[in-house]
Amino acid sequence: MADLAVRLFNTIFRNPVTNASGTLGYGREIEPLWSIDTLGAYVTKGLSLLPHHGNPTPRISEEKGGMINSIGLQNVGVERFFADYFPLFVSKKTPIIVNFFGFTEEEYIECASRIPPHELIAALEINLSCPNIKAGGLCMGKEAQSVFRIIRAVKRVTPIPLIAKLTPEVTDIVEIARAAAEAGADGVTVLNTMPAMAIDIDKGSLFIRGGLSGPPLKPMALKAVSDISKAITLPVIGAGGIVDYRDALAFFMAGARMVQVGTATFLDPFAIPKIVRGLDAYMEEHSLSRLAEITGIAGC
Ligand SMILES: Cc1cc2nc3c(=O)[nH]c(=O)nc-3n(C[C@H](O)[C@H](O)[C@H](O)COP(=O)(O)O)c2cc1C
């Protein structure tokens, strides 16, 4: 078997494939089909300081090649996650990346400070796509200055490595990645969903406003991964429209060190195990002993 292991944030991940936040529930939902230990790391659903009910239905719109979701960051809150859901992971060997968010800067900081350092927690992933209620609903991830401020503040309250998850809804994503790096982030995830909407043409009214995910994002995400990998030295985790191992390879060749798979799981719940097996077979077939041999080779 080829060695798919990746060492990042002082953790050895058995392979470079994780789920994307919010697309594999609290982990236990997938266990009847395949073990969490198939993943390089499990990324939690976005956690907030307090439990959050999310948005009313409809929450999903299937689009050609992808989907729009308006889950609205529903979650049980950080404390209940650690009381009720974390024990599953303690019985496993897979590192965890804890995704979190806040509706104000204070909430981000308070939430991060409540995440207890634990040998299984490899990193925190800060979702910068969340609306800031105090700033009139403006998304904090859209401005380099606010990204710098929030990352620096969170770094002060937690010793756990911090990954900045970037929104594509910006003019210059490289500038945002640079701000995250300068503020002390340890890595970046590129990228989150793209704001979108669907119309119910039979009713002549809005059906949903939410985030577009899946294959329509892939070419844009690849370019962002490539541009950011060249601009900063932090590890880049690629996300956006990956459905098979060939998509994952394109992200590695563009410079990603790991990849996240989200929407693909909704189409095929075995997409992630298939991607891991596909990467393994590719490495064997091409006599590659380490993933580093192809990382960034596209040089574009
Ligand atoms: C149903 C759903 C829920 C999501 N929830 C979160 C979340 O809680 N936090 C977050 O940072 N991203 C969330 N995302 C974004 C994904 O983690 C990922 O960045 C995005 O969907 C692009 O990857 P994909 O095309 O493989 O789905 C969610 C996406 C979907 C489809």
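The values are calculated or read from the model by the stated rules, or taken from the named source; none is laboratory data. None of the values given here were measured: they were computed from a predicted structure. Glycine gets a Cβ as well: all are built from the backbone with ideal geometry, and neighbour counts include every protein chain shown. Side chains included, ligands, DNA and RNA excluded: accessible areas come from the protein's heavy atoms. Shrake-Rupley method; radii C 1.70, N 1.55, O 1.52, S 1.80 Å.
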Among 9, 13, the single one that is open to solvent by 20 Å² or more (accessible area, probe 1.4 Å) and modelled with pLDDT of 95 or more is 9
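Within the group 75, 19, which residue is in contact with a His (Cβ under 6 Å, 6 or more places away or on another chain), open to solvent by less than 20 Å² (accessible area, probe 1.4 Å), within 9 Å of the ligand (Cβ to nearest atom) and not β-branched (Val, Ile, Thr)?
Going through 75, 19 in turn, the sole match is 75.
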In the stretch 104-125, residues that are more than 14 Å from the ligand (Cβ to nearest atom), acidic (Asp, Glu) and in a strand (DSSP E or B) total 0
Might you let me know whether the stretch 232-240 holds any residue that is assigned to a helix (DSSP H, G or I), at pLDDT 95 or above, of a type in the set (A, V, I, L, M, F, W, C) and open to solvent by less than 10 Å² (accessible area, probe 1.4 Å)? no
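Tell me, which strands (runs of 3 or more DSSP E) wholly within the stretch 139-213 include 1 or more residues that are in contact with a Phe, Trp or Tyr (Cβ under 6 Å, 6 or more places away or on another chain) and open to solvent by less than 20 Å² (accessible area, probe 1.4 Å)?
Per the criteria, 194-200.
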Would you confirm whether any residue within the stretch 252-263 is more than 23 Å from residue 123 (Cα to Cα) and of a type in the set (Phe, Trp, Tyr)? no
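For (1) more than 11 Å from the ligand (Cβ to nearest atom); (2) touching a residue at least 40 places away in the same chain (Cβ under 8 Å); (3) not in a loop (DSSP other than H, G, I, E, B), each residue gets a yes or a no:
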site	(1), (2), (3)
45	no, yes, no
54	no, no, no
67	no, yes, yes
71	no, yes, no
83	yes, no, yes
86	yes, no, yes
92	yes, yes, no
97	no, yes, yes
102	yes, yes, no
Being small (Gly, Ala, Ser) and within 14 Å of the ligand (Cβ to nearest atom) narrows 281, 298, 264, 292 down to just 264
Only one of 121, 97, 115 is under 14 Å from residue 185 (Cβ atoms) and in contact with a strand residue (DSSP E or B) (Cβ under 8 Å, 6 or more places away or on another chain), namely 97
Residue hits (the stretch 215-231; buried (at least 24 other Cβ atoms within 10 Å of the Cβ) and within 18 Å of residue 275 (Cβ to Cβ)) are 217, 221, 222, 225
